[in-house]
1. If packing is taken as the average count of other Cβ atoms within 10 Å, what order do 145-157, 125-137 fall into, highest mean first?
2. Express the relative contact order of the chain as a whole percentage, based on alpha carbon pairs under 8 Å and six or more residues apart in sequence.
3. For Rg/Rh (Cα atoms, Kirkwood Rh), pick the label among [x] 1.00; [y] 1.45; [z] 1.04 that corresponds to the value derived from the coordinates.
4. Hey, with R₀ at 41 Å, roughly what FRET efficiency would L160 and F10 work out to, going by the Cβ-Cβ distance, to 0.05?
5. Compute, for L100, the solvent-accessible surface of its heavy atoms (probe 1.4 Å) with the complete set of protein chains present, and express it in square angstrom to the nearest 10.
6. Give the longest segment of the chain that steers clear of trypsin sites (Lys or Arg not before Pro) in DSSP loops with at most 11 neighbouring Cβ atoms within 10 Å, not counting the sites themselves.
7. Mind checking which of V170, V50, V13 has the largest fluctuation in a GNM of the chain, springs on alpha carbons under 10 Å?
8. With every protein chain in place, what's the accessible area of W96 (1.4 Å probe, Å², nearest 10)?
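The values are calculated or read from the model by the stated rules, or taken from the named source; none is laboratory data. As the structure is a prediction and not an experimental result, all values here were calculated from the model. As a convention, Cβ positions derive from the backbone with ideal geometry for all residues, glycine included, and neighbour counts pool all protein chains shown. SASA here: full protein model, heavy atoms, side chains in, ligands and nucleic acids out. Shrake-Rupley method; radii C 1.70, N 1.55, O 1.52, S 1.80 Å.
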Amino acid sequence: GRVLAVFLAFLLVFGVALTSSRTPWVSGLVVIVFWMWKSTVISFRLSSRVLVFWVVLYVIFFFFFPYISEFLMPSAEGVAHQFRGLQRLDIWKQFWLAVLKGEAYGWNQISFAQVGITLDFPVPIVTEHSHNIFLDMFLWNGLVLGLVINLFIVCGGSYLCWRARNIESVFALVASGFILTHG
């Protein structure tokens, strides 16, 4: 029923906000746009307004949890440590420089790419994944083959989005979109 669905949705949004992940920001925006686009073709039981409400609730939870956590368990670092994470942008800059260097480092060899470019652009974090599947394709396969693979993924995904005409295909695309966005 509706009451149980609202309760479960509340728990899921609450749990996702507890992770302090930035992925739901991107996923939420993409799902809202996709849902609004597909709602012109398909009649959904979940309206776009209700979907926006759940995403806004996530944003509210996301910003207030660090303060609640700080109140319940004061720490030396304070609330500011919850909002760090822009280090990933530095990692991506470092890896883009490695891609532009023109080498393919091989599948699952991200650490070699990082070591190879560290003298040109040092980042104080060592990682084995770029946390970006498109960037990984470039690093693993080189610029040309990575571009072909990424174009195939984008064109194939766009084709599937365009052809989605029933609730099952839209739901499958939304679910796989969360996974791809996280990747």
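1. Final packing ranking: 125-137, 145-157.
2. Working: 137 pairs, mean separation 39.0, N = 183.
Dividing the mean separation by the residue count of the chain yields 21 percent.
3. It is the one labelled [z].
4. Numbers: r = 31 Å, r/R0 = 0.75.
With R0 = 41 Å, the Cβ-Cβ based efficiency is 0.85.
5. Taking all protein chains as shown, L100 has close to 120 Å².
6. On the way: sites that count: R45, R84, R165.
Formally, the longest exposed-site-free interval is 85-164.
7. So, out of V170, V50, V13, the one fluctuating most is V50.
8. 110
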